[in-house]
1. Of all residues in the stretch 206-226, count the ones that are touching a strand residue (DSSP E or B) at 6+ places or on another chain (Cβ under 9 Å) and assigned to a helix (DSSP H, G or I).
2. In the stretch 422-442, which residue that is surrounded by fewer than 18 Cβ atoms within 10 Å (Cβ to Cβ) and under 13 Å from residue 501 (Cα atoms) is modelled with the lowest pLDDT?
3. Evaluate the following for residue 73: is it closer than 20 Å to residue 215 by Cα and either at pLDDT below 95 or surrounded by 17 or more Cβ atoms within 10 Å (Cβ to Cβ) (or both)?
4. Restricting to the stretch 236-254, what's the tally of residues that are within 18 Å of residue 175 (Cβ to Cβ) and touching a helix residue (DSSP H, G or I) at 6+ places or on another chain (Cβ under 7 Å)?
5. Taking the stretch 382-403, which residues are surrounded by 20 or more Cβ atoms within 10 Å (Cβ to Cβ) and either closer than 17 Å to residue 489 by Cα or touching a strand residue (DSSP E or B) at 6+ places or on another chain (Cβ under 6 Å) (or both)?
6. Take the stretch 348-362 and flag every residue that is surrounded by fewer than 16 Cβ atoms within 10 Å (Cβ to Cβ) and within 30 Å of residue 409 (Cα to Cα).
7. I'm trying to understand the selection: among the residues of the stretch 237-253, which are surrounded by fewer than 16 Cβ atoms within 10 Å (Cβ to Cβ), in a strand (DSSP E or B) and free of Cβ contacts under 8 Å to residues at least 40 places away in the same chain?
8. Name every residue in the stretch 487-519 that is under 15 Å from residue 71 (Cα atoms) and either surrounded by fewer than 20 Cβ atoms within 10 Å (Cβ to Cβ) or free of Cβ contacts under 8 Å to residues at least 24 places away in the same chain (or both), in order of residue number.
C-alpha cells in the first residue's frame, strides 16, 4: 500500500509540474475573437460589390434574382425599336434594317429579367426546387413577346416596320420559365413545367458572347441552335427534364415535351438528349433534338386589301410555316489560365410537317390571342429538305477578375432546297419609296443545285428563299466590372446576308456599336 501511495503521489506531482510548465508558455490574455463576416447589405456599395451567390436576396427557401440591362448604340442599318420584341432592336442585319441611326439598345448583354427560385431541403441530400422567371424590356417595361411584335407589324409594309420576329417568349410572368421538381447531388435533378430546351442552356455556356443579343449571332436569333432551326422550340411549355451529373466529370440529360399546341407548345412533339463531360479544362457536349410540326410565325406585312391584309384576313391573324426538325449539335470549350477557347457546330434538317392542319392552327405559343388561317399556313415549304448549318468559334481573355476581352466569329449557311438550279432573281420591298433597289438577288453560281429528277418535281426558282445562302458575323466585346454585380460593356458586331438568306432584305449588311450597363441581383 505504501508503495502504491508513493507512486500516486509521484505521478500527481509530475502532472502538476507539467501543467505549471505548460501554463508558463500560455499567453496571459485570451486571443481576440475572429472578425465578424462583412455585412454585404451594410451599404449599397457593399451590396454591389458582392455576388448574387454570396449575398442572395433570400427569405426562407425563396430567392429573388434577375438583371436589368440598358444601353445604346449606333447601327449603319437599323430597325426601329419595338417594345414587345425580346431584342428591342436589330443589332444583326434583319429584314426591317435600313438607314443609320442612334438608338437605345435594351438587354444587349442579357435579357432583362426577374425571377424567384425555390430550394427547400426535404431529406438526406434531396431538395424541392423551382424557378419562375420572366423577361421584359427595361425601356417600355413590356413583357418579352415575339408574337406580339409580329402582330404589331401585321398591317405595316416591310419598309416601315419596326424590329420584329417570332419567339418562344410570348408575354406573361413565365415567358422565360416556370417549373418545379426535385434535386439531389446523388440522384440528379428531375423537374416539370415550362423549361428551356437543353440546347438553350448549352448555347449560353458555349457561346463566347454568352448568348448576348447585341454581340452574338446565336444569341440574337434563337432560331439558330437554341431552337434547332425553329425559334419556338427553344422552350417547352409543358415538359419533364432529368439531368444527372457524375462527380462533375460526366453528365447526361433529357427533356421531353408533354402535349402539343393544346398546351401552348411550339410543336406537337419534341425531345432532346444530351451527353457531355468536363475534365482538365475541357468541356464537351453532344446533343440530338427532334421537333414534330414545329411552328414559325410571321407577320403579313400589310400591302393590299382591307387593313392592308388579304381578303378574309383579320388584323389578329398571322402566317405560319410548319416543319419537322431533326438536329444534332457538337459543342466544346477549353480553359487555360486566363484564356477560354470556344467552338460549336449544329446541323438542322427541316422537312415537311407530319400533319397538314386543313383548318389552320391555334393554341401554340402566342396563338391564344391570334389565329393562323388555312390560307396563311404553309405545310409544303420543305418538299426538299432544308439543311441549316451553324458554326462558331471564339476566344475570351480575362485580363484580370474585373476585365474580359472577347472576340467571336459565327457563320450560318443553308443548302439550295428549291429542287432545281436557282437563277438570278430579285424581290421588291413592300412600301419602299420609288427608286429603292430590289433585294434578294441570287445567281446560278451561288445557288447551283441538283436539278429535278424523274422522282422529284422541280420547284420554281422564283422562291429565292429556297436558294443556298450565307450569313457570317464577327464581333468583339469589352466587359469591365467595377463592382461584382455591375457589368459595363462596349462592343461591335458586323453581319451580312447573301443568297437565299438575303431574300426580302432591304439591306444586306449592318455594323452595330453598342455600349451599356447591366446590374445583376
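The values are calculated or read from the model by the stated rules, or taken from the named source; none is laboratory data. Quick caveat, the model's predicted, so the values are computed rather than measured. Cβ placement follows ideal geometry from the backbone for every residue including glycine, while neighbour counts extend to all protein chains displayed.
1. The total comes to 4.
2. The qualifying residue modelled with the lowest pLDDT is 441.
3. yes
4. Total meeting the criteria: 2.
5. Those that are surrounded by 20 or more Cβ atoms within 10 Å (Cβ to Cβ) and either closer than 17 Å to residue 489 by Cα or touching a strand residue (DSSP E or B) at 6+ places or on another chain (Cβ under 6 Å) (or both): 382, 386, 388, 390, 392, 394, 396.
6. none
7. Of everything in the stretch 237-253, those that are surrounded by fewer than 16 Cβ atoms within 10 Å (Cβ to Cβ), in a strand (DSSP E or B) and free of Cβ contacts under 8 Å to residues at least 40 places away in the same chain turn out to be 246, 250, 252.
8. Scanning the stretch 487-519 gives 488, 490, 492, 513, 515, 517, 519.
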